[in-house]
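The values are calculated or read from the model by the stated rules, or taken from the named source; none is laboratory data. What you are looking at is a predicted structure, and each value in this text was computed from that prediction instead of being measured. Methodologically, a virtual Cβ is constructed for each residue, glycine included, from the backbone with ideal geometry; neighbour enumeration extends over all protein chains shown. The area values use the complete protein model at the heavy-atom level, side chains included, leaving out ligands, DNA and RNA. Shrake-Rupley method; radii C 1.70, N 1.55, O 1.52, S 1.80 Å.
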Amino acid sequence: SQPLTLSIPSPQTTLLRESWQTYRDRFIQADGRVIDRADRDRTVSEGQAYAMLRAVAINDPATFERTYTWAKNNLARRDDQGQLRDHLWAWHWGQRPDGSWGILDDNFATDADIDAPTALIWAAQRWRCPQYLTEAQAILDDIWEQGTVALPDGQRQLLPGPKDAFFNQPDRLVLNPSYFAPASFRLFAQVNPSRAWNSLTDSGYAMLADLRLFSETGLPPDWVVYNPITQTYRSLDSGGLDPDLPLQSHYSFDAIRVGWRVGQDAAWNRAPQAKGYLQGQLPELIQRWQRDGRLPARLSLDGLTKSSYEATAHYAMLYPALLQVDPAIAEAIYQQKLLPAYQDGFWDS
């Protein structure tokens, strides 16, 4: 089933439309640039892709076209002669030290480059625009070539970005579990059958299963290192082993997206792998909720609280996952944490 045909209860539809309009007016420029007003008015490729996902879901083709066109024109990765290197997007755009505006880091972030063609495929279907599908397929070819890698055991694994940044040593593959997007991979397999996209679904679920054993709580980490030779994992923040990678293996603002992405696969595809993973991942958070009536925004993998504050984004990512496992707790979080955070079109900040 396609996500665009899902029915949403009318009170939620009203909130989603109102919050989309408020978001669009506050954070999307007239030219289509999505602005991160909390961080020097920068733009990131994720923000452009999220806006595209929301625009097609809410049926706003004009905003979709604006945000997509801005990204194509401004995040394009070009060589020294100005020629297009590929169809992936530079992840970071903003104000340079000399006051000019442009690309600050032309490395790509694979999650944005997955979400963008996902939105394009939906848009091609919803608005009967075959050009969007053609352009999505071009992005998919480049993701496969530059954003995935064949491992010694024969599996194909998703990279978070360029190989020279995340797999530059044979025994160190840096992974971000929240980039794993099984619902998108199943969609890509339909429109780009020359690539084995379903193999990424299998390797991703195998990774999540391994990480559930790697983590004392069963929660996924933001980042983790995989050794393809020994087929073992280790934390990035253990003993300063990776001074060149200032990343951490906590359950925090990256890892919270795992529940959202796997929840999509459970809701849209009725995937047994998705339901099974959520049933194993969520007990730690369910028990904390039942005990404390709140969840910290950040946890260590052994269950230590890394921040005393809560995060609306955390509850929002958990909500679709909990709907698949414990609808009563999902509803409690919606009523007690999400709705109270909503005012005048804004969810929290």
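For the range 71-87, taking the residues that are open to solvent by less than 70 Å² (accessible area, probe 1.4 Å) and touching a residue at least 40 places away in the same chain (Cβ under 8 Å), the one that is farthest from Asp113 (Cα to Cα) is identified as Asn74.
Annotation for the range 24-40: no member residue is over 24 Å from Gly345 (Cβ atoms) and either open to solvent by less than 10 Å² (accessible area, probe 1.4 Å) or modelled with pLDDT under 95 (or both).
Tell me whether the range 68-86 contains one or more residues that are under 21 Å from Phe180 (Cα atoms) and in contact with a strand residue (DSSP E or B) (Cβ under 6 Å, 6 or more places away or on another chain). First the steps, then the outcome.
Initially, the range 68-86 is screened for residues under 21 Å from Phe180 (Cα atoms), giving none.
Checked against the condition, which is being under 21 Å from Phe180 (Cα atoms) and in contact with a strand residue (DSSP E or B) (Cβ under 6 Å, 6 or more places away or on another chain), the range 68-86 yields no hits at all.
Filter the range 271-300 down to the residues that are within 22 Å of Ala181 (Cβ to Cβ) and in contact (Cβ under 8 Å) with a residue 24 or more places away in the chain and list them by number. Hits for the range 271-300 are Ala271, Gln273, Ala274, Lys275, Tyr277, Leu278, Gln279, Gly280, Gln281, Leu282, Leu285. Taken over the range 103-144, residues that are without any contact (Cβ under 8 Å) to a residue 24 or more places away in the chain and open to solvent by less than 10 Å² (accessible area, probe 1.4 Å) amount to 0. If you go through the range 193-204 and keep only what is open to solvent by 10 Å² or more (accessible area, probe 1.4 Å), in contact (Cβ under 8 Å) with a residue 24 or more places away in the chain and touching an Asp or Glu at 6+ places or on another chain (Cβ under 9 Å), you end up with just Arg195.
List the pairs whose first member sits in the range 43-58 and is open to solvent by 10 Å² or more (accessible area, probe 1.4 Å), whose second member is outside any strand (DSSP E or B) and modelled with pLDDT under 95, and whose Cβ atoms are under 7 Å apart, counting only residues at least 6 apart or on separate chains? Hits for this filter: Ala57/Leu4; Ile58/Leu16; Ile58/Arg17. The number of residues in the range 305-326 that are under 19 Å from Ala267 (Cβ atoms), in contact with a Lys or Arg (Cβ under 7 Å, 6 or more places away or on another chain) and open to solvent by 20 Å² or more (accessible area, probe 1.4 Å) comes to 2.
Could you say which residue among Ser10, Ser19 is more than 21 Å from Ala138 (Cα to Cα) and open to solvent by 30 Å² or more (accessible area, probe 1.4 Å)? Please lay out each step first, then the result.
Values: Ser19 fails: open to solvent by 30 Å² or more (accessible area, probe 1.4 Å).
Answer to the selection: Ser10.
Checked against (1) out of contact with any Asp or Glu (no Cβ under 9 Å at 6 or more places or on another chain); (2) hydrophobic (A, V, I, L, M, F, W, C); (3) more than 20 Å from Ala183 (Cα to Cα), Phe108 meets all criteria but (1). Do we have any residue at all in the range 327-342 that's buried (at least 16 other Cβ atoms within 10 Å of the Cβ), touching a residue at least 12 places away in the same chain (Cβ under 8 Å) and not in a helix (DSSP H, G or I)? No, every residue in the range 327-342 fails to be buried (at least 16 other Cβ atoms within 10 Å of the Cβ), touching a residue at least 12 places away in the same chain (Cβ under 8 Å) and not in a helix (DSSP H, G or I).
Restricting to the range 8-25, name every residue that is without any contact (Cβ under 8 Å) to a residue 40 or more places away in the chain and in a helix (DSSP H, G or I).
Within the range 8-25, Ser10, Pro11, Gln12, Thr13, Thr14, Arg24, Asp25 qualify.
Anything in the range 15-47 that is under 21 Å from the mean Cα position of the chain (by Cα) and among the hydroxyl-bearing types (Ser, Thr, Tyr)? List them, or say none. The answer is Ser19, Tyr23, Thr43, Ser45. I'd like to verify a number: residues in the range 205-225 that are touching a helix residue (DSSP H, G or I) at 6+ places or on another chain (Cβ under 8 Å), open to solvent by 20 Å² or more (accessible area, probe 1.4 Å) and within 19 Å of Arg172 (Cα to Cα), how many? So the answer is 0.
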